[in-house]
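Novice: Here you go, one structure.
The values are calculated or read from the model by the stated rules, or taken from the named source; none is laboratory data. Quick caveat, the model's predicted, so the values are computed rather than measured. Note: ideal-geometry Cβ built from the backbone for every residue, glycine included; neighbour counts use all protein chains shown.
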Amino acid sequence: MKGRLAIGVAALLALWALLFLRVSRDRMTGPSTSGSAESVSRSVPVESPAAARAQPPQAPAAVPPTVPAAPQAPQARELPPPIALGKVEAFKRAHARQPRDAQAAAAEAQIETLFGTELVPRELLVAATCRKTVCRIRVRWSKQRALAYGHFLMAAGVKVRETAVEPLGVPDRTGNLEIDVYVLREGIHSVAQAGGD
């Protein structure tokens, strides 16, 4: 008798504990969804295995191809006007004092071949004048032609120790600024002979 009573009390306590835990869980997470799941499962028709075998397998739904996003163009930085560079006064003095020799015209023609390309447009060049050892290349810089100016310096094979740059004032109302670039004439010859146009 005592054994049955102990089993009954244990069963009641277990039932009470289950009910208490379920009520506590419902208060914390909301009402149970088991009823709605059951009603959904009742409303969904279940196919028999024979019917499922009779139907041909369906192809998976086509997934549209993912198109990679177009790369963002780098923000164009506005380049400031060039500043004076190198031994400007020494180059200016040499250009002013030296005579024009028989090869000066050929050196100027070589300089002109650096212009008129896709990277270095002809309108960048104002004039080129050469003396015995020094050439002065006057260019018209603007923000729109800033990269072309850089390409010109590379195409000319300009080296810092053999070059002087002198901006002539400040940009005008349209943003143009004339710049004198002085280079050693032998440097121009070596670039042209190497095919450095």
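Novice: Is at least one residue of the range 173-191 more than 31 Å from the chain's Cα centre (by Cα), modelled with pLDDT under 90 and of a type in the set (Gly, Ala, Ser)?
Specialist: Looking for residues that are more than 31 Å from the chain's Cα centre (by Cα), modelled with pLDDT under 90 and of a type in the set (Gly, Ala, Ser), one finds at least one in the range 173-191, hence yes.
Novice: What are the pairs with Cβ atoms under 6 angstrom where one residue, in the range 142-158, is within 20 Å of Leu168 (Cα to Cα) and the other, located anywhere, is modelled with pLDDT of 90 or more and among the polar types (S, T, N, Q)? Sequence gap at least six, or different chains.
Specialist: The qualifying pairs are Ser142/Asn176.
Novice: Would you check if there is a residue in the range 156-170 being under 29 Å from the mean Cα position of the chain (by Cα), closer than 17 Å to Pro81 by Cβ and at pLDDT 90 or above?
Specialist: no
Novice: Condition first: part of a loop (DSSP other than H, G, I, E, B), on the phi > 0 side of the Ramachandran plot and either under 27 Å from the mean Cα position of the chain (by Cα) or surrounded by 12 or more Cβ atoms within 10 Å (Cβ to Cβ) (or both). Can you find one or more residues in the range 77-88 that meet it?
Specialist: yes
Novice: Using the structure shown, decide if Ala102 is more than 22 Å from Ala164 (Cβ to Cβ), under 44 Å from the mean Cα position of the chain (by Cα) and at pLDDT 90 or above.
Specialist: No; evaluated as a whole, the condition is false for this residue.
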